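What follows is calculated from the coordinates using simple rules that are stated; it is not laboratory data. Just so it is clear, the structure is predicted and the values come from calculations on it, not from any experiment. Glycine gets a Cβ as well: all are built from the backbone with ideal geometry, and neighbour counts include every protein chain shown.
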Amino acid sequence: MKSTHRVYVAIAMALVLALPIAAQTKPPASAQEILGSAVQTAKAEQKNILIHFGASWCVWCKRLDAMLESPEVGKLFHDNYVIEHLTIQESQDKVQLENPGAQEMANNAGANGGGVPVYIFFDSAGNRLATSMAMPGGKNIGHPATPEEIKAFDSLLEKTAPRMTAAQRQQVTDYLSKQKY
């Protein structure tokens, strides 16, 4: 009887220990759920929305994230946008991190196979305002690094962040121009 009891205790302990792991493997929210939540927040805060599509392996995505959160210009972005991240184009061993519907959302914005990072700007009603596919020929800006990309990104900010002043946009341009890649 004692050995049977030990088996039950061992099984119960294994189940208890597995619960946190099961909770951690919850699938990511869908692109539509995230956009819907962002729309609610954007309406309440009277902002537009910036959705950044990226992958864990993407160095340029991390650089874009660093800019959006930087002490130098991060506040400007957060004052003007509700910022959300969606995962696409993950490596095979991390494909479970991808947000369902995110790749389709990026593709519908013209990012078919264009690499990451990609971003889409929406108004507070969820209407698309602009995308990172703003380079000549509809190519992706990605993280703005070249003078041409920085200029195109500045045009996107002017179009999608109406409360951001020319001086504030210049602050972003200066930040990007000083980065050494």
- May I ask you to sort Ile150, Ile120 by Cβ crowding, counting other Cβ atoms within 10 Å and putting the fewest first? Ile150, Ile120
- Could you name the lysines whose alpha carbon sits less than 23 Å from that of Lys43, not counting residues in the same chain fewer than 8 places away? Lys75, Lys159
- Using 0.36 nm per residue, how much length does the chain from Gln46 to Lys75 gain when fully extended, once their Cα-Cα distance is taken away? 8.9 nm
- Beta bridges per DSSP with both ends in the range 29-178, % antiparallel, nearest 5: 55
- Query: Taking Rh as the Kirkwood radius computed over C-alpha pairs, what is the Stokes-Einstein D of the chain at 37 °C in a medium of viscosity 0.692 mPa s, expressed in µm² per second?
  - Reply: 182
- Query: What angle do you read, to the nearest 10 degrees and between 0 and 90, between the alpha-carbon axis of helix 59-69 and the longest principal axis of the chain?
  - Reply: 80
- Going fewest to most other Cβ atoms within 10 Å around each Cβ, Phe121, Phe77, Phe53 line up as Phe77, Phe121, Phe53
- Task: Can you tell me the relative contact order of the range 29-178? Whole percent, Cα pairs under 8 Å, sequence separation 6 or more.
- Result: 26
- Item | Residues Tyr181, Tyr175, Tyr81, sorted so that the one with the fewest Cβ neighbours within 10 Å comes first | Tyr181, Tyr175, Tyr81
- Query: Helix 2-24 versus the longest principal axis of the chain: what is the Cα-based angle in degrees, 0 to 90, to the nearest 10?
  - Reply: 10
- Query: For the Cα atoms of the chain, what angle does the longest principal axis make with the long axis of helix 147-160, in degrees from 0 to 90, nearest 10?
  - Reply: 80
- Taking the Cα centre of the range 29-178 as origin, work out the dipole magnitude from +1 charges on Lys and Arg Cβ and -1 charges on Asp and Glu Cβ, in debye rounded to 20. 300
